[in-house]
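Following: one structure in structure tokens, then a few remarks.
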Amino acid sequence: MQIKAPRGTYDILADDSYKWQYIEKVMKEVAEIFGYNEIRTPLFEHTELFERGVGESTDIVTKEMYTFHDKAERSLTLRPEGTASCARALIEHSLYNGVLPVKWYYTGPMFRYDRPQTGRYRQFHQFGIEAFGSNSPHLDAEVILVLVEILLRLGLKNYELHLNSVGCPECRENYRRHLIEHITPVKDKLCEDCQLRYTQNPLRVLDCKNESCHKAIEGYPTLYDNLCDECRNHYTKVQETLKDSGVAFIHDDNLVRGLDYYTNTAFEIHIPGIGAQSAVGGGGRYNGLVKDCGGPDLPGIGFALGIERLLLAIDTLGKKDFKAANIDVVVITMSDKYEDLAIQVLNHLRRHNIRSEKDYTGRSPRAQMKYANKLGARVVVLIGDEEVENGCLTIRNMQNKEQIQVENQELISNINNIL
RNA sequence: GUGGGUGUAGCUCAGUUGGCUAGAGCACCAGAUUGUGGCUCUGGGGGCCGUGGGUUCAAGUCCCAUCAUCCACCCCA
């Protein structure tokens, strides 16, 4: 039986990897412009970190984690997201005692045991930023601006930014009570899933896509109406700052994020036309997280982008100028007795940063030319009896077919003239 | 986790109501007067027809299972 990549995983081959490098480069550049620095955390953590950080009742923790025991019977889990690890690192290194805010970006694979689908994999990749130690609404706006700037630089102008505030624990609890009061009389009309949501996390009933559920709870109180003064002011300020920065958004009463740690600002970015998994990014404020993870009461905010989904979105734009690096020069031997010499010429070229190649499969001179052509070489260096006798090399310009014989010392300068 | 579609060469796919050595295009390799490319022509390699069972004289073609993949639900990035 042939061994294949595990379900929900895949290989990124040469041409695609250049696409990835391009996207990662854009994201890192933008993050650094905004003052974020890279953090690299382990791919696995103690299971408890995610149980506490992400939330015991979340889908991620209850059914999507890759949890295993190591040889010392520690329960470890492949990270399903990046924020909890950042909070852990912040606490572990006592960075909350230093210069605030701490601003990080990260990128890498995440793991969730979910049913694969377009834009959804078991090993998928996120790019995210986190900012710890400030509750300023301007920072909320900044985080969103980073996200928007990345999308714009990737050419993805057709995004939709959904925005909401889920409030602080106090006003959310208050809201929760009001919502339950409102739903209880009509709870029998809800779908099966919502019956369950109703008891576990009633806020989640709001973003049910089922029409009948929406109808049943019509006229429900909104989070916004139940925000305390402080949370409402915060949210208003975030909105104002975004407007002043020229960022369009949609206030979405039904936007409720699935992870327990979110407070106040919550947002999601959707790009239409890439399938059911249209959320390319999302995030929000998580003022309780650091404390929940055993640290001081320090606020934080961040977002994560799904790289696979960004790729989908970019592909729908038909952008195709991503290719593996071309070879510039191919060294061709007219007889295999000159192969040793060809290696020396290659060494010389490569030391001068010229992307160069030779044939390693015993091709005829003619086939070597074809090979050079396929690799996209712009110059070919020919070595045959004539060259060896004259102590020189022949350079062929593949575009205009001009050939000249040059001294060894002049090889690099002549090639660079053509490239 | 639920429902539905698909699974034939590296890639995109054909394969009639089950019937002889399974095809095409592209890709790959080699030739087309002996030291030279992109076009064209000729030839060639490569498929236990996803895997395992079953029905049948006979299965890529029918049935079951399994795995994978796709679409939607769900969830989220």
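The HN-Hα couplings worked out from phi for the stretch A:159-165 by the Karplus form 6.51 cos²θ - 1.76 cosθ + 1.60 (θ = phi - 60°) are 7, 10, 9, 9, 9, 7, 10 Hz, whole numbers, x standing for Gly and Pro. Residue ranking by accessible heavy-atom surface, 1.4 Å probe, largest first, among A:285, A:378 comes out as A:378, A:285. Would you mind checking the tilt of helix A:339-351 against the longest principal axis of the Cα atoms of chain A, expressed as 0 to 90 degrees and rounded to 10? It is inclined by approximately 50 degrees. Put A:17, A:413, A:165 in order of accessible area, highest first, and with a 1.4 Å probe you get A:413, A:17, A:165. To put it simply, the accessible area of chain A at a 1.4 Å probe is 47 percent carbon and sulfur. Structural descriptor for chain A: relative contact order 16 percent, calculated from alpha carbon pairs under 8 angstrom and at least 6 residues apart.
The H on the amide N of residue A:110, modeled in the peptide plane, is under 5 Å from the matching H of A:124, A:125, A:126, each at least 5 residues off or on a different chain. Per-residue extension of 0.36 nm, minus the Cα-Cα distance of residue A:416 and residue A:193, leaves a gain of 73.7 nm for this segment. Note on residue A:13: accessible area approximately 120 square angstrom, rounded to 10, probe 1.4 Å, nucleic acids and ligands left out.
Bridging of residue A:19 to aspartates and glutamates at a Cα separation below 12 Å is possible for A:308, A:315, A:321, once same-chain residues fewer than 8 apart are set aside. Using a probe of 1.4 Å on the protein chains alone, the accessible area found for residue A:46 is around 100 Å².
For residue A:208, the solvent-accessible surface computed with a 1.4 Å probe is close to 10 Å², ligands and nucleic acids excluded. In chain A, the longest principal axis of the Cα atoms and the axis of helix A:83-92 are about 90 degrees apart. Near the amide H of residue A:165, within less than 5 Å, lie the amide hydrogens of A:266, all on another chain or at least 5 residues away, with H placed in the peptide plane. Helix A:365-375 and the longest principal axis of the Cα set of chain A meet at an angle near 20°.
Taking 21 Å as the straight-line reach from the Cα of residue A:401, the lysines in range (excluding those fewer than 8 positions away in the same chain) are A:358, A:370, A:374.
The values are calculated or read from the model by the stated rules, or taken from the named source; none is laboratory data. Predicted model, so just to flag it, every value in this text is computed and none were measured. Just the protein is used for accessible areas: all its heavy atoms, side chains included, with ligands, DNA and RNA removed. Shrake-Rupley method; radii C 1.70, N 1.55, O 1.52, S 1.80 Å.
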